[in-house]
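What follows is calculated from the coordinates using simple rules that are stated; it is not laboratory data. Everything numeric here is computed off the predicted structure, so don't read it as measured data. Every residue, glycine as well, gets a Cβ built from its backbone with ideal geometry; the counts of neighbours run over all protein chains shown.
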Ligand SMILES: [Zn+2]
C-alpha cells in the first residue's frame with residue numbers, strides 16, 4: 001500500500017478552479033486543468049511514493065507484475081487493465097464513440113498494416129483494446145449520451161419550428177427506429193458545407209425563438225420541455241461554429257447527472273461530455289472515433305462503422321447501496337469495477353473488501369487507510385496503490401466527512 005500521485009493533464013476544455021479546489025490548491029490555477037490520471041497508462045503513469053521517492057506505477061508493475069497484480073497479471077497481459085481519472089470539464093468535449101473489442105483489434109491491425117505511425121494525429125486505433133467507460137458525477141455533470149427515443153426527437157425538432165428542418169423531421173417520423181436514426185445522423189454529419197451553412201443558422205434561430213417564446217399554458221417558473229437541449233445546441237454552435245456535430249447533437253439524450261449518479265458508455269455509444277466534474281474509469285485504451293466538436297482528427301466513415309444507433313433510454317446508472325457506507329455501479333466491463341464510500345467523521349474504520357490490485361482515490365476530506373498495522377493518510381485529490389498482496393484494508397475519515405472511490409478489476 002503506497003500513496004499514488006496523479007498525473008495532471010492540461011487541455012483547453014479543462015477548468016481553472018474545479019480540480020485545484022478539490023486538491024486544496026490556489027484558485028484559479030495557471031492553466032486549465034482537465035484530467036488527473038491515476039493509472040499505469042504509458043502516456044502518463046501516476047507516481048508511487050515509497051521511502052520518500054517517486055516511481056512510475058507503470059515501472060513498478062513491469063518490474064514486479066506477479067507481486068503487484070497477482071492473477072490479474074496473467075489475465076490482462078501483465079498490465080493494469082483500467083485507467084482511473086478525475087475529469088473537470090469547463091467546455092464541451094468532442095462528439096465521440098469507442099469501438100468494440102473486435103472492431104479495435106481489426107482497426108489496430110489495419111492501421112498497422114497501412115503504416116499509420118502510432119503517434120500520428122491521424123491514427124484512430126492506438127491499441128487493440130475496446131474502451132468501455134463509466135463516469136460518476138462529483139458535482140452536477142452535463143452530458144450528451146446515446147440516441148434519444150426518435151419520437152421524442154421528432155417532438156423536439158417540431159418544437160423548434162424551422163421549415164428547413166421539416167424534411168428531416170418527416171424522415172425520422174416515418175421511420176422512428178435505429179434505421180431512421182442511422183439515416184438522419186449520416187445525412188447530417190456528411191451534409192455538404194454549403195447546405196450546412198444555410199441550415200445551421202436557421203436551426204440556431206429556431207432555438208433562440210423557442211427559448212424566448214412564452215407559452216400561456218406554461219407557468220413561468222416551469223422550465224420549457226426542451227430548454228436544456230436548445231441551450232446546449234446554441235452553446236455547441238458558439239464553441240464550434242459551422243460544425244455538423246452541432247446538428248448531430250440534437251439526436252442525443254441531454255443528461256444532467258446529480259452528484260453520485262453514474263453514466264456507462266458501452267462500445268458504439270455516441271457521447272459528448274459538456275460540463276462538470278466526475279470520477280471516470282475506463283479500460284486502459286486510447287481508441288476514440290470522433291464525429292466533430294473538436295479541432296482533433298475526425299473520421300466520420302470509421303465512426304459510422306462503429307456506432308450503435310439503437311435508442312438508449314436509460315443511460316444513467318443509479319448507485320446501488322451495498323451497506324450504509326458504500327455504493328456500487330454495476331457495469332458489464334471485465335476490466336474494472338468502481339465503488340464509492342461515504343465516510344462520516346469519528347466513525348469506526350470500515351472494511352474495504354476486494355481491492356488489490358487496485359486504486360483508492362479520495363475525492364473529499366482526508367481518509368486514513370490501514371493495513372497490517374500501517375497507516376496511510378490520503379488527502380482529497382490523492383490516491384493509494386493497493387497491490388495484490390495488500391489484504392484486509394480498512395478506511396476511516398480524519399477531521400471531517402470524506403469520500404473515497406475504490407477501483408479494482410471487474411469480477
Ligand atoms: Zn468517451
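Sort 200-207, 382-389, 165-172 by the packing proxy (mean of other Cβ within 10 Å over each peptide's residues), most packed first. Write down the numbers at each step before the final one.
Values: 200-207: 18.1, 382-389: 22.4, 165-172: 15.2.
Final packing ranking: 382-389, 200-207, 165-172.
Tell me the angle of helix 101-113 to the major Cα principal axis of the chain, expressed in degrees between 0 and 90 and rounded to the nearest ten.
Helix 101-113 sits at roughly 90 degrees to that axis.
Enter the angle in degrees (range 0 to 90, nearest 10) between the Cα long axis of helix 227-239 and the first principal axis of the Cα atoms of the chain, meaning the one along which they spread out most.
Once rounded, the angle reads 80 degrees.
Pick from 145, 395, 348: which is most flexible by mean-square fluctuation in a GNM of the chain where alpha carbon atoms under 10 Å apart are linked?
Taking springs between Cα atoms under 10 Å, the residue moving most is 348.
Angle, helix 193-212 long axis vs. longest principal axis of the chain, Cα atoms, 0 to 90°, nearest 10?
80
Using all alpha carbons of the chain, what is the percent of pairwise distances in each 20 Å bin, ordered from the shortest bin to the longest?
P(r) over the chain, rounded to whole percents: 26, 54, 20, 1.
Once you have the alpha carbon radius of gyration of the stretch 186-343, what is it after dividing by 2.2 N^0.38 Å, with N set to its residue count? Mind dumping the intermediate values first?
On the way: Rg = 18.6 Å, N = 158, 2.2 N^0.38 = 15.1 Å.
That works out to 1.23 for the stretch 186-343.
Can you tell which of 69, 369, 151 shows the greatest fluctuation in a Gaussian network model of the chain with Cα springs below 10 Å?
Among 69, 369, 151, the largest mean-square fluctuation in the Gaussian network model of the chain belongs to 151.
Using the beta-carbon distance between residue 372 and residue 101 and R0 = 30 Å, what value does 1/(1 + (r/R0)^6) give for FRET efficiency, to the nearest 0.05? Walk me through the numbers before you get to the answer.
Numbers: r = 38 Å, r/R0 = 1.26.
Step by step, r from the Cβ atoms, then E = 0.20.
I want to verify a result. In a Gaussian network model of the chain, Cα cutoff 10 Å, which of these has the top mean-square fluctuation: 115, 182, 275?
115
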